[in-house]
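Here is the structure we will look at.
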Amino acid sequence: MIILLTLCYTAFTANAQKQPQVQEGSVRAPANVKIDGKLNEWQNPFINIQKYTGFLSAFNSSSRIYYTVANDDKNLYLIVRGLGNGVSKKILAGGMAFTISHVAEKKNRTKDPNNVTITFPVPLDAKTTSFIMTPVNLVMEFTDDSVANRKSIDSLDAIANKMVNDAIKEIHIVGVKEIPDSIISIYNTEGIKASIRFIQVQAAIEIAIPLKYLGLSVDNPVTFSYNIRINAIPEASRFYVTDATTQKVGVNSGTAIDFAAMSTNPNNGYAWNPTDFWGEYILAKK
């Protein structure tokens with residue numbers, strides 16, 4: 001089993017290394033796209049690692065996410081799949097922002113007043129983040145034999161997904177003139193859709209934005225810029241741990257935290273600092 005897991009991890013890492021850091025081409029969204037976080041219609045390569053085909057267009061190693069930007073005639077889509085439970089916590093605690101800019105020049109696109117930014121999920125407080133991450137982290141105890149432990153893994157996934165669905169009900173949007181309220185419900189009538197769920201410890205996110213809000217059209221496709229940013233975990237959420245009966249700062253055993261050692265841990269460097277990158281895209285026609 002150890003050999004099999006090693007081979008699977010090696011295959012997974014090798015395929016990640018083959019992926020570009022930033023998406024290189026346009027992708028036409030599947031006709032049956034559904035914003036539910038399951039990724040099934042995207043020929044999900046993560047359900048069975050041995051059948052991984054690299055369908056998601058890029059793997060950005062600094063942000064630790066696979067992603068695809070895609071479109072159909074009506075919507076622009078962002079599909080994200082994190083690599084590791086550390087990404088899941090960072091996304092829950094800090095939130096993820098997707099910015100679309102009509103400006104291509106690097107020095108001007110960041111602060112262009114016409115940029116549209118969708119933040120989803122909206123950052124959760126420390127307590128809620130910790131509660132959701134508890135079953136997500138417990139999955140790691142069963143991954144030594146994911147076949148034999150499938151029932152336990154599926155049960156923990158179901159618990160985590162119920163918790164995240166109960167907690168995340170809002171989308172933050174800036175820059176759309178037709179939507180003056182910056183916070184809208186995930187059940188909004190404006191046609192902006194977003195969903196997050198866990199596939200084992202990995203966060204999977206799908207976002208759909210009507211092209212009309214972005215000033216884009218497949219009838220006249222132009223190159224535009226986009227930015228994907230995963231915000232840093234706030235300090236209040238970094239050491240907040242939840243056990244079955246109480247909430248306390250630190251680890252459940254009550255042992256002291258070596259803050260100096262934690263500050264030099266590369267995983268904490270990733271978690272405690274924002275990561276982002278820019279790309280360019282042109283809408284794909286039929």
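Numbers for the structure displayed
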read-out	value
Förster-model FRET efficiency, 25 Å R0, Ile179 and Glu235, C-beta, rounded to 0.05	0.20
Largest-first ordering by accessible area, 1.4 Å probe, given options Met133, Met163	Met163, Met133
Segment Ala104-Glu24, extension gain: residue separation times 0.36 nm, minus the distance between their alpha carbons	27.3 nm
Cβ-derived FRET efficiency at R0 41 Å, Ala31 paired with Lys111, nearest 0.05	0.65
Whichever lysines have a C-alpha closer than 27 Å to that of Lys177, once near sequence neighbours (fewer than 8 apart) are set aside	Lys34, Lys74, Lys106, Lys107, Lys111, Lys169, Lys193, Lys212, Lys285
Shape call, the range 101-219: gyration tensor on alpha carbons, a/c limit 1.5	prolate
The range 81-132, relative contact order in percent, only Cα pairs under 8 angstrom and at least six apart counted	42 percent
Summed residue charge, Cβ within 13 Å of Asn273's Cβ, Lys/Arg positive, Asp/Glu negative	+2
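The values are calculated or read from the model by the stated rules, or taken from the named source; none is laboratory data. Predicted model only: the values in this text are computed from it and were never measured. Cβ atoms come from the backbone with ideal geometry, glycine included; neighbour counts cover every protein chain shown. Remember, those area values only see protein heavy atoms, side chains included, never the ligands or the DNA or RNA. Shrake-Rupley method; radii C 1.70, N 1.55, O 1.52, S 1.80 Å.
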